[in-house]
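Reading through the structure tokens given below for one structure.
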Amino acid sequence: MKTRKSMKSATRLAVTAKPVIWYSQPAAQWTEALPLGNGRLGAMVFGGTKTERIQLNEESLWAGCQFESSAPDFKEHYAEIQRLMLAGKPREANRYGLEHLTACPTSYRSYEPLGDLFLDFGDTAEISAYQRELSLPDAIARTTYRAGDANITREALVSAPANLLALRISSDQPGVLSFTIRLCRHKDAKITLDGDNDQLHMDGQIVDVAAEDGGCDDNPGGSGPGGAHMRFAGRLRVRTEGGAVSAGAGNSLKVSGADGALILFTAATDYNRAQLNFDRTIDPAVTADGILAMAADFSWEQLREAHIHEHRELFDRFSIHLGPPDSKLEKQPTDIRLAAVKEGGTDPGLVALLTQYGRYLLIGGSRAPGRLPANLQGIWSECEWAPWEADYHLNINLQMNYWPGPVTGLMETLDPLTGWFRLATERGKTSAGQLYGARGWMLYLSTNPFGRRTPSASNPESQFLNGVLDPLCGAWMAVQLFDAGQFDGDPEALEEIHPILVGSTEFVLDLLVECPDGKLRIIPSTSPENAYIDPESGEKLRITTGSTYHMSIVRAILEATRRSATLLERDAELVTRIDATAARLPPIQIGPDGRILEWAEPLAEAEPGHRHVSHLIGLHPFDLITPETPELCAAARKTIDERLAKGGAGTGWSRAWTINFFARLRDGDAAAIHCDELLRRSTLPNLFNSHPPFQIDGNFGFTAGVCEMLVQSHRRDVEGNCIIELLPALPKAWPDGNVTGLRARGGFTVDLTWRESKVTDYEIRSHQAREATVRINGETKKIAVM
């Protein structure tokens, strides 16, 4: 079903060439390499001519094991902190918590790289006409160059249908391909030859050594027990056209005199998501052998065609063009274009490319055959111990990873998140009951594939401040999953999410504390990672009562659960309790300086330019601050301006969030400024986002922010229907453009074209006939989508 409207002109802009990232030299470092992924396997392709390196990851290969760490008598000590806070003694409550509510080891171990695949070509002839590229629509990394008289082509892909990495090497001259193939891992693995000397096997088990026994541990508070933990296996097979394959030195394979070669590689672990743990009944070698056997009879052409067809079914749902094509810019390598922006230039085409890159990374980092959510680095990491363990941070980072999925037609990318999260909430029921004496479930800031459900951080102080004080992180994710479901209106998905919503609401209802003014608040409370100056002592404190961050989450989870129950026509008693509770919550407050209060009272920030702006989650991603609340919008704007003036948005993900904030405030020019600033300050040569260091959430937040500038649907009309707003925050820098495949809440798909900053053509589609409320060029109207 669709409705199409033309406004003044139906002429569409000429489309640019397909989105491709390309360079005229090999990658010299990891952040210049090009990523491939199928949700489970990740590969970083360097494109070398003398030696090609492909760095490898498998999504579930984690050090450590499933274990928990929480203070004894947690519930009783937590109650004492509540008593101290109600008595107006935050310093005493903070000291008490640090003494009684921490437990070592405070953290867990890290996501680990699988290893490296090397192709050694030795001293080759003179190299010329070099180019490497990543085609986003095809998900193929291609390296071409001339070696002497031969034109060499290498194409690499990570196939979801075949569940493996495939690398094809070819030449236009017969018999010129000779090279050595090596598999390497930094530790805990054995590499052997197998088959008719055409296979390499990697077999291993992560052996963790406790710090007290001389092992590595990046966390001062400890990361859990040592021992033999995750098992893993990698399998490589090479097929040649002409020439020969033989055993090389040091358990390598030697290809000699070939016309072409096809290398297939896959890997597996003994991780079992159903158990959120490794499972000794799983033999990763058997799993990997089986995957390669399934692909044994397929040619390169068949593997390539199936891969492109499957990937394009996802990628081609969305397109974006910001202005007419600039042939001069498109003829420049990506690093040159990026450097020009870093030097102060603007490049709307690069903004559009980065928007599509976020979608590409989400497809590659979170989809079947993968089973786990995209972590802080997606699935791509070369670090033996990754920054922040490359875990799942639930105080914005994991949420941001999935902001672009629903709005750009990639609901399938949420499946690994939803599947893992549902199991994690089951473990979270134990924490709710044992630690709080509450119903439902809860999850803290940091967790991992093992479903960590107790407070985790690098040291005891952080465990209390970032972990114990923030028990509502899981509730934020539950709200997001409900909101994501609004984009396709799938009743089966709502049935799956509703128990998660109910469990989170039960925990929140039990956690709220009645204050002397009769209001209900979360006590103790915090605002993520920021601190205030205690007016009495001058100390930096984070502990508070009823922070705006926490109370916004409370409002959002209660409203999401109420709406879900209403749609499913169930839980009437719970809805009644939700309504009664909501009436007793304090409103979002504006301080005497006109800003949104971060804490329950006006307090000076210890870091006025802090990267977290958690007191504005009501503006984005929630819908608590909208044009229907103009005073709050004005206060939110002043909050953002003040934070930026003091050095805010200093990390990549924080800058991306700022784009979304300004989009919600309908300030497209400010949003566009921060699109450019993210490119200038927080974008690495391969377009990965930098925290620093590399952290993938900013890529996803950027994509979501650009989409938010073009279409919004979070506001509702008087009948409760979503309002589809076209070009709510279009900047002057993008006067002409078009986008296809944007999704809107209510189950709608939107295509639109604009000229001179006005919509000239649009089409709205839905799977069923319905009425849509659309705001276009300043006018709100109802249209029939038929």
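Annotations for the structure displayed:
- Annotation: TRP300 carries an accessible surface of approximately 20 Å², with a 1.4 Å probe and no ligand, DNA or RNA atoms counted.
- Sorting LYS331, LYS89 by accessible area puts them as LYS331, LYS89; the probe is 1.4 Å, largest comes first, and only protein heavy atoms count.
- Note that segment 462-549, at 4 °C in a medium of 1.567 mPa s, gets a Stokes-Einstein diffusion coefficient of 86 µm²/s from its Kirkwood radius over C-alpha pairs.
- With a 1.4 Å probe rolled over the protein heavy atoms of all chains, the accessible area of ILE336, ILE724 falls in the order ILE336, ILE724, largest first.
- Separation between Cα centres of segment 707-728 and segment 541-595, rounded to whole Å: 22
- Residues whose placed amide H lies under 5 Å from that of CYS216, excluding near-sequence neighbours: VAL209
- Once the mean of 1/r is taken over each pair of separate Cα atoms and inverted, segment 283-331 shows a Kirkwood hydrodynamic radius of 14.6 Å.
- Compactness check for segment 36-194: Cα Rg over 2.2 N^0.38 Å is 1.74.
- The mean sequence distance of close C-alpha pairs (under 8 Å, at least 6 residues apart), as a share of the length of segment 670-720, puts its relative contact order at 20 percent.
- One quarter of the surface of the convex hull around the alpha-carbon atoms of segment 411-480 equals 4.9 nm², the direction-averaged projected area.
- Restriction of the GluC sites (Glu not before Pro) in segment 387-453 to DSSP coil positions whose beta-carbon has at most 13 other beta-carbons within 10 angstrom yields no sites.
- Sequence-separation-based contact order of segment 306-431, relative, with Cα cut under 8 Å and 6+ spacing, percent: 27
- Nonlocal amide H pairs with ILE724, under 5 Å, H built at 1.01 Å: THR773, VAL774, ARG775
- In sequence order, calculated HN-Hα J values of segment 694-709 (Karplus, 6.51, -1.76, 1.60; Hz; x Gly/Pro): 3, 8, 7, 4, x, 4, 6, x, 5, 4, 4, x, 4, 4, 5, 6
- Tilt relative to the chain, helix 473-485 - C-alpha long axis, 0 to 90 degrees, to 10: 70
- Principal axes of segment 634-684: Cα extent on each, largest first, Å: 34, 22, 14
- Taking the charge dipole of segment 58-149 about its Cα centre, with +1 at Lys and Arg Cβ atoms and -1 at Asp and Glu Cβ atoms, the residue from LEU136, HIS77, ALA125 reaching farthest to the positive side is HIS77.
- Rounded tilt (10° steps) of 415-436 against the dominant C-alpha axis of the chain: 40
- Semi-axes of the equivalent ellipsoid for segment 646-773, computed as √(5λ) from the eigenvalues of its C-alpha gyration tensor and ordered from largest down, come to 29, 15, 14 Å.
- Part-to-part distance (alpha-carbon centres) for segment 363-384 and segment 168-192, which is given in Å: 25
- D_trans [Stokes-Einstein, Kirkwood Rh over alpha-carbon pairs] for the chain, 25 °C, 0.890 mPa s, µm² s⁻¹: 89
- Per residue, the chain reaches -9500 deg cm²/dmol at 222 nm when only DSSP H runs of four or more residues are counted, each adding -39500 (n - 2.57).
- Computed from backbone phi with θ = phi - 60° and the Karplus coefficients 6.51, -1.76 and 1.60, the 3J(HN,Hα) list for segment 194-209 is 8, x, 8, 6, 10, 9, 10, 10, 10, 10, x, 8, 5, 10, 8, 10 Hz; x is used for glycine and proline.
- For ARG235, the shell of other residues with beta-carbons less than 10 Å away shows a net charge of -2, using +1 for Lys and Arg and -1 for Asp and Glu.
- Database remark: amide H of GLU607 closer than 5 angstrom to the amide H of ALA531 (H placed geometrically; neighbours at sequence offset of 5 or more, or on other chains; Pro and chain starts carry no H).
- Each of ILE308, GLY594, ALA606 was scored by the projection of its Cα onto the charge dipole of the chain, and the greatest displacement toward the positive side belongs to GLY594; charges sit on the C-beta of Lys, Arg, Asp and Glu.
- Alpha-carbon centroids, segment 258-292 and segment 655-671: separation in whole Å: 43
- The mean sequence separation of alpha-carbon pairs under 8 Å and at least six residues apart, normalised by the residue count of segment 7-128, gives a relative contact order of 27 percent.
- Sorting GLU80, GLU628 on solvent-accessible area from highest to lowest, probe radius 1.4 Å, gives GLU628, GLU80.
- Hull volume in cubic angstrom per residue (convex hull over the Cα atoms of segment 201-358): 274
- The residues packed around THR425, meaning those with a beta-carbon under 12 Å from its beta-carbon, carry a net charge of +1 if Lys and Arg are +1 and Asp and Glu are -1.
- Heavy atoms of LYS254: accessible area, 1.4 Å probe, square angstrom to 10: 100
- Against the chain, whose longest principal axis is taken from its Cα atoms, helix 300-315 shows a tilt of about 20°.
- The phi-based Karplus calculation (6.51 cos²θ - 1.76 cosθ + 1.60; θ = phi - 60°) puts the 3J(HN,Hα) values of segment 747-756 at x, 9, 10, 10, 10, 8, 10, 9, 9, 6 Hz, whole numbers, x for Gly and Pro.
The values are calculated or read from the model by the stated rules, or taken from the named source; none is laboratory data. From a predicted model like this one, the values you see are computed outputs, not experimental measurements. Here Cβ is always computed from backbone atoms with ideal geometry, including for glycine, and neighbour counts include all displayed protein chains. For the accessible areas, the whole protein counts, side chains as well, though only heavy atoms, and no ligand, DNA or RNA atoms are used. Shrake-Rupley method; radii C 1.70, N 1.55, O 1.52, S 1.80 Å.
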